[in-house]
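Okay, so here's the structure we're looking at.
The values are calculated or read from the model by the stated rules, or taken from the named source; none is laboratory data. Keep in mind that what you see is a predicted model, and the values were worked out from it rather than measured. A quick note on method: Cβ atoms are made from the backbone with ideal geometry, for glycine too, and the neighbour counts reach across all protein chains shown. What goes into the accessible areas is simple: the full protein's heavy atoms, side chains included, and nothing from ligands, DNA or RNA. Shrake-Rupley method; radii C 1.70, N 1.55, O 1.52, S 1.80 Å.
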Amino acid sequence: MTQTLLFACDLSAENRAAFARAIRLATENGARLDVVHVLDPYLPHRVLHDLEDAVVADMQATLTDIREDYALPEPRTLLQTVAGAPYAEIVREAHDREVDMIVLGSHRKRGQPDLVAGTTLARVLRSAPCPVLSVSQPASRDWEDILVPVDFSLACRHTLREALKRFPDARLTLLHAWDIPGERELGSQGDYARWRDREVGRLRNQLEREIDQLMGELDDVPELELVLEQGEPLEVLLTRLRRHPPDLLALGSRGQLGRQSHITEALLTEPHCDIMLCRAW
């Protein structure tokens, strides 16, 4: 079955990097690229009719410019406008077209976490039926190094499966944050330290078994490295992103229905790389 990528185009200069990445992904994967711009439904019908032609022409011109800049062939492309609330129309189009991935630009108001929740990006992430890619880096950057936070959750298993399936030629670093009670009070005691090391070893073995089981489901798998770090998950992840920024972060959506987790909100506020967010199943 032919893959379909959905790119939500807002015609802004900041959106150009995401448009370029969408074109490159479609070209490399032999996928069809559906480019959609959402118009204000409250505009007069005559204005909407005239605006549709202008928007499609602008998207076609941008597509041509990006292809020339990156020396990319033109993928099979559908350029279209719809009217409605942007996040609702993007999600509806993803359902109707049964797309494999939604591509969006990153949150523009960086460093302002209180503004993330109401953005189109955050709303699409909460409701999308497929992985959502938030692009902040130039499309010329290859995705050779991919970071995947891992634990025993359903969201993590699904995200790791998506990363293994979609990026068989990349290097995957699997990061797990652990914290054992009593470390602060007893960490300097020899008996406790030996017990802690045994527990961390058991944890690593369990994670390796989970990973091997997932890898056994696929024909081609990428190079993997499992890294265990002590600490709170968000702090461990942010430290890793600052010290060893990957090309892509593959993250599972673990927030409650209708809201993002604090980890997702923090990463959308200040992205260190492109982010692929996957639903829990």
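Being under 23 Å from the mean Cα position of the chain (by Cα), without any contact (Cβ under 8 Å) to a residue 40 or more places away in the chain and not in a loop (DSSP other than H, G, I, E, B) is true for just one of Asp65, Asp96. Which residue is that? Give the derivation first.
Details: Asp65 fails: under 23 Å from the mean Cα position of the chain (by Cα).
Within the list Asp65, Asp96, the selection yields Asp96.
For the list (1) part of a helix (DSSP H, G or I); (2) touching a residue at least 12 places away in the same chain (Cβ under 8 Å), I need the number of the one condition that Val82 fails.
Failing condition for Val82: (1).
Before we move on, is Ala155 touching a Ser or Thr at 6+ places or on another chain (Cβ under 9 Å), in contact (Cβ under 8 Å) with a residue 60 or more places away in the chain and either of a type in the set (Phe, Trp, Tyr) or open to solvent by less than 40 Å² (accessible area, probe 1.4 Å) (or both)? Can you show your working first?
On the way: touching a Ser or Thr at 6+ places or on another chain (Cβ under 9 Å): yes; in contact (Cβ under 8 Å) with a residue 60 or more places away in the chain: yes; either of a type in the set (Phe, Trp, Tyr) or open to solvent by less than 40 Å² (accessible area, probe 1.4 Å) (or both): yes.
It is true that Ala155 is touching a Ser or Thr at 6+ places or on another chain (Cβ under 9 Å), in contact (Cβ under 8 Å) with a residue 60 or more places away in the chain and either of a type in the set (Phe, Trp, Tyr) or open to solvent by less than 40 Å² (accessible area, probe 1.4 Å) (or both).
Scan Glu74, Glu52, Glu28, Glu68 and give me the residue that is among the charged types (D, E, K, R), under 24 Å from Leu248 (Cβ atoms) and open to solvent by 50 Å² or more (accessible area, probe 1.4 Å).
Among Glu74, Glu52, Glu28, Glu68, only Glu28 is among the charged types (D, E, K, R), under 24 Å from Leu248 (Cβ atoms) and open to solvent by 50 Å² or more (accessible area, probe 1.4 Å).
With respect to Pro271, determine if the residue is within 21 Å of Val132 (Cα to Cα), surrounded by fewer than 17 Cβ atoms within 10 Å (Cβ to Cβ) and not aromatic (Phe, Trp, Tyr).
On the way: within 21 Å of Val132 (Cα to Cα): yes; surrounded by fewer than 17 Cβ atoms within 10 Å (Cβ to Cβ): no; not aromatic (Phe, Trp, Tyr): yes.
Answer is no for this residue.
In this structure, does Asp247 turn out to be charged (D, E, K, R) and surrounded by 15 or more Cβ atoms within 10 Å (Cβ to Cβ)?
Working: charged (D, E, K, R): yes; surrounded by 15 or more Cβ atoms within 10 Å (Cβ to Cβ): yes.
Yes: the conditions hold for Asp247.
Step by step: first the residues of region 206-231, then only those that are assigned to a helix (DSSP H, G or I) and among the polar types (S, T, N, Q), then the one that is farthest from His176 (Cα to Cα). Which residue is that?
Residues of region 206-231 that are assigned to a helix (DSSP H, G or I), as a first pass: 206-215.
In the following step, the residues that additionally are among the polar types (S, T, N, Q) were identified as 206, 213.
Numbers: Gln206: 12, Gln213: 17 Å.
For region 206-231, the residue satisfying everything is Gln213.
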